[in-house]
Each structure stands twice: as C-alpha cells, then as structure tokens.
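Right, one structure below, let's go through it.
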Amino acid sequence: MKRRIFLILGSSLIACSLLAGCTGDNNQLGSESVNDTSSTEVIPETTITPELEGYNLLWSDEFDGDELDLNIWTREVREVGWTNNELQEYRDSEENAFVKDGNLVLKALKTVDEKGNEHYSSGKVNSQNKTDFTYGKVVASAKTPEGQGLWPAIWMMPQDESYYGQWPKCGEIDIMEVLGNETNKAYQTIHYGEPHAEQQGTLVLDNGSFASDFHEYSVEWEPGEIRYYIDDTLVLTVNDWYTAVEGEDEKPYPAPFDQPFFVQMNLAVGGNWPGNPDDSTDFDNAEFVIDYVRVYQKDSYNTDVKRPEKVFKEADETGNFLNNGDFSKEENFDDDEDWTFYLAQGGNGTCSIQDGWMVITTETSGDVDYSVQVFQPNMPMYKGHTYKASFDAYADADRSIVIAVTAPTAGWIRYLADTRVALTTEPTHFEYEFTMEDKDDNNGRMEFNLGGKIFTDTVYITNVRVEDITEE
C-alpha cells in the first residue's frame, strides 16, 4: 500500500509526475506550488514513490489526485464484442474509469433496456504514445473484483503493433489476470509468434483471495528474459520466444519483445475465457481497484542475446515419454511435476492413486470439458513423427471422457484431436495414433478431460503411454 505524507499549514507542497522516454531522462510535465498561511487547512495527501535498487524511476502514477491524469492515460473506447467475444462496451466515461480515495477504479456497469436486454459497459485505460518504453520493471498494486464473468487485467502491448505484424506476431506481456469466479488464482502470461504461442505462470493463494486485499504484481522485462512476480514471489521466467510471418523466416531474437511497449488496464465482462456473468454477479461491487503503477528502468541493458536451444525430453527405457504412467509411485497432483489435477469453471473433484490406478472423482463436472482435468506436459513432439497414445480405463458406470495431446505453449494446437472415449465398468485398453504436422515442440501435453456437465461417475486410469512409433 501507499506511504502517504500529510503536509499541514504554513508548508509548501510541490507535486509532479515524472515521465521519460527509454533513455531514462526524467522530464517534468508540470508542478504546482501551494503556500498556505492558514492555521487550520490540511494540504491534500500525496505519496512518495519508493526507489528500487538497481533501477531509476521512469514514470509512475500513485492516483493521489481527484482526476485521471490524462498526461499518462487515455480512456480507451471500444464497441461490444471487440475481442474475445466480450460483452462490455469500453467508454470514455468517468462512470467507468475514475480516481477515488487514492486509487484508480475501473467499474463495470449493467443496464437493462425496456425490452429486457442486458447491456454492459466498463473501463479501460492505456498509456500508448504517452509513456511507451523499451525494457524495464513494471510494478502495480491492485485489488480485483469478485463475480462470475468479471475479468480484470494489467497488460502491455507494442506502441506500434504493425512493426512485426498484428497480434500475436507483435507480442503481448500480461502482468496479471484474475477470473472473478476464481479469485484465489492469478495468471501471468506472454503471447507471441505465428502460429500463436504462449507461456503462462499461475499463483494460487493458500489463504484469502486477490479480491479481498491489494496484491503487488510485477514484471522484469529484459532483452533475453522476462520474469514475473506476485508479492515478490517469482511465478514465471521466460527466455524462449519467437515471431514470424507465416511462410517466412523467424525474425531475429529477441523479437518481438525488443520494441517500445505501453501499459494498459481494463475490466472485461464475459468472453471466451471467464464465461458470461450470471444472476450471482454483483455489479454494484464490480470494481477493479488499482493503487499504483510504477515503471522503473536500469541505466543500460545488454541487447547482445541469443535464443536458448530447446531441450527435448528423452523417453524412458520402455519408450514412454510420460513419467509414472503406471501410477506405481505416489503423486502430488497439486504441483507442476509429472501429473497435475486441474479444476476450472465450476468443476470440483479429487484425484488420487489407488493400487496402481489413478482415480478421479467428480463432484460437479462444471461447464466445459476441462473443468475436471488431469494432464502431464513436457513431451517432445517432432514435426513429421507418428505417435501412439494408449491407456487402460474404466468407470463406476458407463460414461465418456475426452482425451487429447495438446500444445500449451504453442497456441493450444491439438496434435491428437479432442477425442471422446466411451468407458464401461470393465477395464478396457485404448490406443490412438497421430502424426505431428507442426513445428517441433518440446512441450506436448497428454490430457484427460472429465468435465462438461455430462457425467460425475468415478474414473480409473492406468498404463498411460505416449510413444514415438515413427519408422526410420
């Protein structure tokens, strides 16, 4: 939170906003001197922006005033459905984006017309062409709203999106995203490439939520590495990315993250990822509250960097790329090592190992296939190679599941297409062959999906294998 200073009578207050280009030179946009000889008046509160070791302050906004600083921010205007099938209209309105009590508030509003149609508006601000910079550390403190379909974000886009080509070729740096129906989990992501690729880190709170208090989100953006933090906890480190126009060679690394970017913040309503709001969503409290945004920069950066070589996992002695596919060892399904159990969009259940079988129970199956999911990533997928995925499975009653081999860091391409598998109460062996036709990928992912508001019967799986069966 902010450290505030209260200046009382007879003193003088100088308030200024520091803005600069990528050279790190600070240019004062304006200053105001206040002299007061009254014995009772209290000067409005202000904030001392902290120094950061190894960095210079490039610019910041502590939101201490009464109005949005238009020297830094622009209220962005967008029509309904502009992207991601979102429901909100972004307006240049103080109802949707305003400064109050030392914070920027982005507020989503819901109205119903005479015919009963629901309409949504919200706030989005960006600093494009005002405070663009190349490389630095962005630090923001915020409290997210809670409610189905609410989707706040702090993120960065290139000042000139056409320089390497339209999204995703241009690159995108997402400093934070939190879904309103799952406010104990925050996401930090980069997008890039053609085809679209992404790398994402998440942090789940053991106690509380990102909606119950302010949390600090930051990114350290350097020529050959991007590091994400939440409350000083390192969440994700990325140093391998690319971009290209389809049919052409890749641009020299570290493109596209070697150009000026700007900061933006918004509160979306609905869309492909969070789903739409429902009757439980409280729009009286649909507010994304930002305490401060601070951008720091080092004196210099080494731009002589090279893209690291990809490391491809080797198969075990039996030819299986999956670890613990026979579930002979205990497994922590909550971590990122080997198998992971994942719940989303209303899914609820458990995952355990019993007598060499992975046992998945489903209490509520949620809205989508992956609402209840088990997966293992880091499988090598080579262009032109043929693979076989196999496993044994049964269920407490006849039901189906969906399997796939996907590309979580390469635009979620399906190397093995989503395939619905019919299970019975008798253990059955299943095999599926596929040929990988895309760019080499060291992060293929085997998935079992049990969600989608269809079944809740317990599923048992063992002997899971993915093998390269390419003939020499």
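Hey, fewest Cβ within 10 Å first, where do Lys298, Lys115, Lys124 land in order?
Numbers: Lys298 16, Lys115 5, Lys124 24.
Ranking Lys298, Lys115, Lys124 by Cβ neighbours within 10 Å, fewest first, gives Lys115, Lys298, Lys124.
Loop-located GluC sites (Glu not before Pro) in the range 202-261 (DSSP state other than H, G, I, E, B) with a sparse environment of at most 15 neighbouring Cβ atoms within 10 Å: Glu246, Glu248. Relative contact order of the chain: 14 percent, from C-alpha pairs under 8 Å at least 6 residues apart in sequence. Just round it to a whole percent: the fraction of Cα-Cα distances in the range 45-134 exceeding 16 Å. Cα-Cα pairs in the range 45-134 separated by more than 16 Å: 64 percent. For a 21 Å ceiling on Cα separation, which of these pairs sit above it: Lys137/Lys251; Lys107/Lys143; Lys137/Lys439; Lys185/Lys439? Over 21 Å apart, Cα to Cα: Lys137/Lys251; Lys137/Lys439; Lys185/Lys439.
With neighbours defined as other Cβ atoms within 10 Å of a residue's Cβ, the residues Phe288, Phe262 order from fewest to most as Phe262, Phe288. Plainly put, the range 107-240 has a radius of gyration that is 1.01 times its Kirkwood radius, both from alpha-carbon atoms, as the Rg/Rh ratio.
When the listed pairs Lys169/Lys383; Lys329/Lys453; Lys329/Lys388 are checked against a 28 Å cut-off, the alpha-carbon distance exceeds it for Lys329/Lys453.
Between Ile413 and Ala407, the built amide H atoms are under 5 Å apart, and every one of these is 5 or more places off in sequence or on another chain.
The Cα-based radius of gyration and maximum Cα-Cα distance (Dmax) for the chain are 25.1, 90 Å.
Peptide packing for 308-317, 227-236, 458-467 was compared via the average number of neighbouring C-beta atoms within 10 Å per residue; ordered from the highest value, the list is 458-467, 227-236, 308-317.
Coordinate-derived values only; no laboratory data. Source: prediction; values computed, not measured. Positions of Cβ are backbone-derived with ideal geometry, glycine not excepted, and every protein chain shown enters the neighbour counts.
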